[in-house]
Structure formats: C-alpha cells, structure tokens
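Here's the structure, in structure tokens; my notes come after.
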Amino acid sequence: MTATHTQTPATRRAGAAEGDLERATGRRNRRTYLALLIPGLLGLLVSFVFPLAYMIRMSFNRGAPDGIIEETFTLDTYIQPLSDPYYWRVTLDTFQMGVTVGLLCILVSYPVALFLARSTSKYRGLLMAIAIAPLLTSAVVRTYGWMVILGTNGLVNSSLEGMGLIDTPLKLTNNMTGVTIGLVEIFMPYAILAMISGFGRLSPQLEEAAGSLGASKLQVFTRVTLPLSLPGILTAFLLVFVLSISTFITPRLLGGGSVQVLATEIYDQTTGLLNWPFAAALSVILLVLFGLIIAVYQRLTKKIGG
Amino acid sequence: MSEARLFKPRFNPAKPAFGILVFLLYLFLLAPLLIVFVVSFASNQYLSFPPEGLTFKWYEMLPQESTFMNGMRVSLIVAVTVTIIVLALGVPVALALDRFEFKAKAVVQSFFLSPLLIPSIVLALGMVLLFGPLKLTNTYAGIIIGHVAITIPFVIRTTLMSLATTDTSCEAAARILGAGSWTVFRRITLPIIQPGVIAGGVIAFIVSFDEAVISLFVAESGLPTLPVQVLRYVENSADAAVAALSVILILISLAVVVVVERAMGLRKALR
C-alpha cells in the first residue's frame, strides 16, 4: 500500500548528458551501488528478516505454558488454536473489529477527505496538515485522551450526568465500544490520506458539468462523485482494516483486559504464559490473514483499474 | 446566518451543513489531544469534569517523577541513535535506488519499504524471541535494532521523493568538470536531497520516540522507554498526572510536524 511510486531515473536522465554520465561512471557503477545498498540491507536483515524468520521457525516448536520449549518440527501450535473454539472466537472478534472500525472510519473520514480534495481555501494546506498531523502523535497519548473522554468519570459521562440525562455512568471503556471509538479516531488520518490519493479522477469540473447538464445535487453525488471516489474509499477501508486487526495499544488500554483480539492474545501468550511457540503461531496466523487481504485488495484494484 | 441571506434565491442549505459536519469531524479527530490539554491544567485532584480551576501543579510535579524522567532519558537516547543509524543506512539506499540502474530494483525497493506492512506486534514478538538468546533484551542495542526496521522506510521514502523531483544533469556536469564522487555528493546531491533527509530524519525520530509495542516486548522489565512507562501508568489509572506529560509529548510531535511541513509537506512525506 505504501510502495506504489515508481522511479524512472532513466527517462529523466535521457538527454541530460546521458552518454557522458554513463562513460564517467561506467565501470564503477556496479561497485558503487552495491556499496550504497549493502549497509542498509544488512541493517534490515538484522532488524527485520532474522526476527521474522526466527519467529516462523519458533512457531513449529512445542511449548509448555511454563516457558519450556521443545525444539522440534510440529504443527501442534497451529492445530491447537484452530481446534479450540476460544481462538476462533478471538480471531472472529478481531476480524469483526477490523470491519466495524474500517466502515466507521470511512464514514467519518470521507466528508473530510472530500472537503480537502475540493477546497480552494487559502487555509487548505493548514487544514490538510491538521488532518494528518495526529499520525505523528503517540498512540498511547491518544488512547489516554479517549480514556479521559469515555471513562466512568470522563467527559461524556460527566456531561450526561450533569444534564440529568443518565443516572448511572454509561460503560464506554473496558469494552469493544471504547476500543472501536478510539480506533476509528486513531486511524482517521490514514483513511483521509488514502482517500485523497485515491480521488485521482475526481474533479470539480466534472461535477459542474454534470450539474449544468441538469443533474440534481443528489444525482451529481451518486452518479459522479461517489463512483469516482470509490477506489480511494476501498483503499482506505482495507488500510484501516489491516491496521485495526494488528493494533495492540488501544485494545489493551481501552479494552482493559476484557477485549481479547489476536494482538492482545499474542502479548499475553508471550509475557504472561511464556508460551512462545504458540504466540509465534498466532502471529503467523495474523500474517497469513494480512497477506490474504492484501492479495484480495490487489486483485480488486486491478479489476477496478480495468 | 442572517435572515437576508437565508432568502437569497441561490442559497444552498447543503453548503453550511457540510461545513458544520466537517468542523465536527475535525473536532472528533482532535478530541483526545484537546482533552489532554484541558485536563493537564485542571486542578481536580482526581480525574473528573468539569475542571475546578487552573493549575500548573501537574507540570511542576513532572521533574520529580523519576519513572517518567528515566523513561524520557531512555527514549531520547534510543530515538537519537536510531535517527543517526537509519539516516546513515537509508540515504545511501535511496541514492542507489534512484541514481543507478540494476536488476531487481523494484524488489529491493519493496523490500526496504515492507517493514511498514508487517504488524508491529508480529515484529515485536520476532525480536523478543531472537534477542532473548542473544542477551539483547532489556538493552539499548536491542531496542535500537528493533526500531531500525520500522523507521528506515520513512527515510528512504522521503529521500527518494527529493531525488525524484530533480534531474541528474548537475551531477553529470560536476563529474565531467572533474569533481570526485564524494565532492559531487557533498556539494550537489546533498543540498538537493536535504529536505527529504531532514523530513525523514525527524519522522524517524518521532516514530522511534513514540514507539511502544516493540519497546514493550523487547525491554519492558529492564529498560522501559517513556511510552512504555506511560502505558503502564495509564493501565493502572487514567488520572490527570499523566496529562501534563502527554501535553509535552504532543508538543514534541507538533514540532516534528512543523519541520516536516516546512521541509517537504506533510502529505507528501507520509503518503
């Protein structure tokens, strides 16, 4: 989803003293680019490839809850979660949470994205920055903010009680409701960014043209605006979906231990029960889920793209 | 909305309604950040609403909170080191990807951007499993290595973005006029890619500084970073004491946002 831009230095270079450059760099070319790449490759090997590979290997070991690991090659760790209804429940809850958060996030992000894509205001740049900036703030801090808003003595409950609308505080934290609200907000900037990038063919001129040809406001929206923004909406949904099913901080804090999703289960198995092979197997299951969705997404975008 | 405008024939009621909707959605998006500001200045002893009065006591308490101060030190050391390392590793990779032709270039590029596609909880587990036997858990080295994977894609992306908007004729000219590779890099390429390097560097810094999941797995017991300390604290009580600290974290993020926006535009950098 992120690796979409392609580099075409060859075309840019064409004409710009191409022959001279090639002659000047010619033989040293190969050595130079390898020298530039190798440190980075090594860095990613150590901090990315080895940990993942080791984890996948670990998932085929046999573990006991007391931290003893038997080096072997077995599928036990996969059979256990797949045959235990509890883990089906957790996986299903995770999936459901991803879909709910994805849909709600699109609902609240679409108007903002549409506004930003169309705006001709001189504050457009600033408004765009404000919409994206929360991306670079700590997820822990933003989740804490939601705990303050939704908690038993939080803003929402205090206000409603103050107005005499409720007697007992609503239960908005330590359950899926709180986690969902928090995640929808936390992933809004991602959704807005993805939508704006996907709105490529949407233009005010097209909408004006439809309007001047006699289409009503509603018709312009349903027949022109919405179809043209569909690719952006789809990208945003899938992005938010994959982000939600793998997120840990928010379910942990706003769920308060009563919301179990794959990510919190992986944490509990790792640090609480020390069953590393099992935690590794759950991670592999999460990765496979991830890969499947990205593959489906790429199929879909190809179809839409024609 | 004045009466006169309401009766203007071409008034479209959908427009202000849409404006209000967008405003409310912005409010929703910023709600958790705004509420933290309010709470950090409220004198209520325990978390409650409405605020009873204005106080700076939460901010004055911060320097005495040794857990937060230790966490801050660990996080700063980690984030600064990570930034230096990923700039040193990532900028050359971006140069190779843009300025040289070689086989499997697309594969190499996706490889370097792929850590962002892997859930951080999965990476974190892999790291704690691998680092345990290597005695790297609860060490600076462990956290720093862990953060390299998730920050290097940002540096490569922003540097590539700066490289893509320039042509190579200046470099070719300098080379033909006899400048060595290092001179060409320092005098021509570096100034060109400076915005991308700065943007990538500060994004890497803030991503590492705010990262909680990998730090939690790799070094929860021995070397907790600031986000881990905050996480632990908030898990037990969501009172106001942590609000002041949160405001400081938000301000650091804000500074990063301003630098990135100035250097190359936030949207371009985070695409």
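Wrap a convex hull around the Cα atoms of chain B, take a quarter of its surface area, and give that in square nanometres.
On the way: hull surface 89.8 nm².
Orientation-averaged projected area of the Cα hull: 22.4 nm².
Once label points are set 7 Å from the Cα along Cα→Cβ at both residue B:62 and residue B:176, what is their separation, rounded to one decimal in nm?
Between residue B:62 and residue B:176, the label points sit 5.6 nm apart.
Given springs between every Cα pair under 10 Å in a Gaussian network model of chain B, which of B:201, B:71, B:53 has the largest fluctuation?
Largest GNM mean-square fluctuation: B:53.
If Rh is defined by the Kirkwood formula over all Cα pairs and Rg also comes from Cα, what ratio Rg/Rh do you get for the range B:12-55?
Checking Rg against Rh, the ratio lands at 1.24.
From the square roots a ≥ b ≥ c of the eigenvalues of the alpha-carbon gyration tensor of the range A:67-141, which class results: rounded (a/c under 1.5), prolate (a/b over b/c), or oblate?
Taking the square roots of the gyration eigenvalues as a ≥ b ≥ c, the range A:67-141 is prolate.
Report the normalised scattering of the range A:234-299 as log10 I(q)/I(0) at q = 0.20, 0.24, 0.27 Å⁻¹, calculated by the Debye formula with identical scatterers on the alpha carbons.
Values returned for q = 0.20, 0.24, 0.27 Å⁻¹ are -0.83, -1.02, -1.13.
From a point 7 Å beyond the Cα of residue A:120 in the direction of its Cβ, which residues of the range A:189-226 have a backbone N at a distance under 11 Å?
Within reach of a label on residue A:120: A:204-205.
Looking only at the range A:31-60, which residues have a backbone nitrogen under 13 Å from a spot 7 Å from the Cα of residue B:102 in the C-beta direction?
Label zone hits: A:31-42.
May I ask you to derive the FRET efficiency for residue A:159 and residue A:205 from their Cβ-Cβ distance with R0 = 51 Å, giving the value to the nearest 0.05?
0.70
Evaluate the distance, in nm, between pseudo-label points positioned 7 Å from the Cα of residue B:55 and of residue A:69 along their respective Cα→Cβ axes.
With each label point 7 Å from Cα toward Cβ, the separation is 4.8 nm.
Would you tally the net charge around residue B:230, using a Cβ to Cβ cut-off of less than 14 Å, leaving residue B:230 out, and scoring K and R as +1, D and E as -1?
For residues surrounding residue B:230, the net value is -3.
With Cβ to Cβ distances under 14 Å as the rule, what net charge do the other residues near residue A:71 carry (K, R +1; D, E -1)?
After counting each charged neighbour, the total is 0.
For residue A:171 and residue B:262, what does the FRET efficiency come to when R0 = 25 Å and r is the distance between their Cβ atoms, rounded to the nearest 0.05?
That pair, residue A:171 with residue B:262, gives E of 0.05.
Return the single residue from A:210, A:281, A:131 with maximal mean-square fluctuation; model: Gaussian network over chain A, springs between Cα atoms under 10 Å.
A:210
Counting pairwise Cα distances across the range A:19-170, what percent come out greater than 18 angstrom? Could the numbers behind the result be given before it?
Details: 9438 of 11476 pairs.
Considering the range A:19-170, 82 percent of its Cα-Cα pairs are separated by more than 18 Å.
In nanometres, what is the gap between the two model label sites at residue A:288 and residue B:138, each 7 Å from Cα along Cα-to-Cβ?
3.5 nm
Report, as a whole number in µm² per second, the diffusion coefficient that Stokes-Einstein gives for the range B:111-151 at 25 °C and 0.890 mPa s using the Kirkwood radius over alpha carbon pairs.
233 µm²/s
Would you list B:98, A:268 from fewest to most Cβ contacts within 10 Å?
The fewest-first ordering by Cβ neighbours comes to A:268, B:98.
Of A:166, A:38, A:186, which has the largest mean-square fluctuation in a 10 Å C-alpha GNM of chain A?
Evaluated over chain A, the most mobile residue of the options is A:38.
Cut-off is 10 Å between beta-carbons; in what order do B:18, A:73, A:278, A:115 appear when sorted fewest neighbours first? Display every interim value, and only then the final one.
Values: B:18 14, A:73 8, A:278 27, A:115 21.
Fewest-to-most ranking of B:18, A:73, A:278, A:115: A:73, B:18, A:115, A:278.
Could you work out [θ]222 nm for the protein assembly as shown from helices alone, using -39500 (n - 2.57) per DSSP H run of at least four and dividing by all its residues? Round to the nearest 500 deg cm²/dmol.
Value at 222 nm, helices only: -22500 deg cm²/dmol.
Using just the alpha carbons, could you tell me how many Å³ per residue the convex hull of the protein assembly as shown encloses? Let's see the in-between values first.
On the way: hull volume 113.4 nm³, N = 577.
Considering the Cα atoms of the protein assembly as shown, their hull volume per residue is 197 Å³.
Summing +1 for each Lys or Arg and -1 for each Asp or Glu, what net charge is found among the other residues whose Cβ lies under 15 Å from the Cβ of residue B:242?
Neighbourhood net charge equals -2.
Pop the C-beta distance of residue A:230 and residue A:273 into the FRET formula with R0 = 56 Å and round what comes out to the nearest 0.05.
The value I calculate is 0.80.
Looking only at the range B:125-141, which residues have a backbone nitrogen under 11 Å from a spot 7 Å from the Cα of residue B:235 in the C-beta direction?
none
What full-extension length gain, to one decimal in nm, is calculated for residue A:79 and residue A:258 as 0.36 nm per residue of separation minus the Cα-Cα distance?
Taking 0.36 nm per residue and subtracting the Cα distance, the gain is 61.9 nm.
On alpha-carbon atoms, Rg over Rh for the range B:168-271 using Kirkwood Rh? Mind dumping the intermediate values first?
On the way: Rg = 20.4 Å, Rh = 16.8 Å.
Over the Cα atoms of the range B:168-271, Rg/Rh equals 1.21.
If you average the alpha carbon positions of the range A:95-155 and of the range B:157-230, how far apart do those two centres end up, in angstrom?
So the separation of the two Cα centres works out to 27 Å.
Using the membrane-span-like helix rule (whole DSSP H runs, Cα extent along the own axis of at least 27 Å, mean Kyte-Doolittle hydropathy at least 0.0), which helices of chain A qualify?
Correct list, ordered by number: A:85-118, A:176-198, A:226-246, A:276-305.
Give the lysines whose C-alpha is closer than 30 Å to that of residue A:171, dropping any in the same chain fewer than 8 places away, or say none.
Counting by Cα, and skipping residues close in sequence, residue A:171 has no lysines nearby.
Whole-Å semi-axes of chain A's equivalent ellipsoid, largest first, each the root of 5 times a Cα gyration tensor eigenvalue? The partial results should precede the final answer.
On the way: eigenvalues 287, 254, 71 Å².
The answer is 38, 36, 19 Å, longest axis first.
Only the coordinates and a few stated rules stand behind these numbers; no lab work does. No experiment lies behind these values; they were computed from the predicted model shown. Cβ sites come from the backbone with ideal geometry, for glycine too, and all protein chains shown count toward neighbours.
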